[in-house]
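Each remark here refers to the structure printed beneath this line.
The values are calculated or read from the model by the stated rules, or taken from the named source; none is laboratory data. A quick note: this is a predicted structure, and the numbers were derived from the prediction, not measured. Reconstructed Cβ throughout: ideal geometry from the backbone, glycine too, with neighbour counts over all protein chains shown.
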Amino acid sequence: MKLGIVGSEAAKFTVRTEELARDLIADLLDHGENISDLHIFSGDCHLGGIDQWAREAAELYKIPFTAFPPKNRQWSTGYKPRNIQIAEASDKVICITVKELPPDYKGMKFGLCYHCRTKDHIKSGGCWTVKYAKEKLGKPGEIIVIQEPCYVCGNLEGSCECMFPPEN
Ligand SMILES: [Zn+2]
Ligand SMILES: [Zn+2]
């Protein structure tokens, strides 16, 4: 399996969501008997995050890894052709992003992920790559959204009622 792993940069994660993202990547790479067929492709983002954590996990598990750094930091001549390279190289593309930005995030903010047209997660360039793989190349793609666990009960699904107990 040639797996593309892309997603958000490091500043978009908290200490806890980074930990969850790293665990998730480790699970994706730790495929037991299929592990010898695995090859990971990623984007080598200069801001770290998923691209870097995928590289570290691949090195740890001794899985072949190829990074596609953008030629420059422009969309049309840098990121876009780079994202297409990742989609073309991969059998499947997974984008890992977060539900919400950390409270101290200083970068640009958008009200929704305009690639996916949803408010379920923050905008990620990785979503563009997943969309391209699915819609232009007919390959499977997946967007995995990580969220901060409830700080009362540790629930990861956002489905607990700790903060907003039902009214009697
Ligand atoms: Zn998205
Ligand atoms: Zn809770």
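Return yes or no: is K99 in contact with a strand residue (DSSP E or B) (Cβ under 6 Å, 6 or more places away or on another chain), touching a residue at least 12 places away in the same chain (Cβ under 8 Å) and of a type in the set (D, E, K, R)?
Working: in contact with a strand residue (DSSP E or B) (Cβ under 6 Å, 6 or more places away or on another chain): yes; touching a residue at least 12 places away in the same chain (Cβ under 8 Å): yes; of a type in the set (D, E, K, R): yes.
When the stated conditions are applied, K99 passes them.
Conditions (1) surrounded by 14 or more Cβ atoms within 10 Å (Cβ to Cβ); (2) over 21 Å from E19 (Cα atoms); (3) touching a Gly at 6+ places or on another chain (Cβ under 6 Å); (4) among the hydrophobic types (A, V, I, L, M, F, W, C), marked per residue:
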{"residue": "H46", "(1), (2), (3), (4)": "no, no, no, no"}
{"residue": "A57", "(1), (2), (3), (4)": "yes, no, no, yes"}
{"residue": "K62", "(1), (2), (3), (4)": "no, no, no, no"}
{"residue": "S90", "(1), (2), (3), (4)": "yes, yes, yes, no"}
{"residue": "C95", "(1), (2), (3), (4)": "yes, no, yes, yes"}
{"residue": "K99", "(1), (2), (3), (4)": "yes, no, no, no"}
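Does T77 satisfy being away from ligand 1 (no atom under 16 Å from the Cβ) and in a helix (DSSP H, G or I)? Reasoning before the result, please.
Working: away from ligand 1 (no atom under 16 Å from the Cβ): yes; in a helix (DSSP H, G or I): yes.
Here the answer is yes, as T77 does meet what is asked.
Restricting E88, E59, E135, E100 to those that are within 16 Å of S8 (Cβ to Cβ) and of a type in the set (D, E) reduces the list to E100. Checking H115, H121 one by one, the residue that is surrounded by 13 or more Cβ atoms within 10 Å (Cβ to Cβ), touching a Phe, Trp or Tyr at 6+ places or on another chain (Cβ under 8 Å) and at pLDDT 90 or above is H115 and no other.
Within the range 134-155, if we keep just the residues that are of a type outside the set (A, V, I, L, M, F, W, C) and within 16 Å of ligand 2 (Cβ to nearest atom), the residue that is nearest to M1 (Cα to Cα) turns out to be Q147.
Which condition breaks for P103 when tested against (1) modelled with pLDDT under 95; (2) under 22 Å from P69 (Cβ atoms); (3) more than 10 Å from ligand 1 (Cβ to nearest atom)? With respect to (1) modelled with pLDDT under 95; (2) under 22 Å from P69 (Cβ atoms); (3) more than 10 Å from ligand 1 (Cβ to nearest atom), P103 is out only on (2). Across the range 126-147, which residue is nearest to E19 (Cα to Cα) among those that are in contact (Cβ under 8 Å) with a residue 60 or more places away in the chain and in contact with a helix residue (DSSP H, G or I) (Cβ under 6 Å, 6 or more places away or on another chain)? It comes out as I146. Residues in the range 84-99: is at least one farther than 16 Å from L3 by Cα and within 16 Å of ligand 2 (Cβ to nearest atom)? Yes, some residue in the range 84-99 is farther than 16 Å from L3 by Cα and within 16 Å of ligand 2 (Cβ to nearest atom). Considered as a group, the residues in the range 110-131 that are under 14 Å from the mean Cα position of the chain (by Cα) and hydroxyl-bearing (S, T, Y) include one that is farthest from ligand 2 (Cβ to nearest atom), and that residue is T129.
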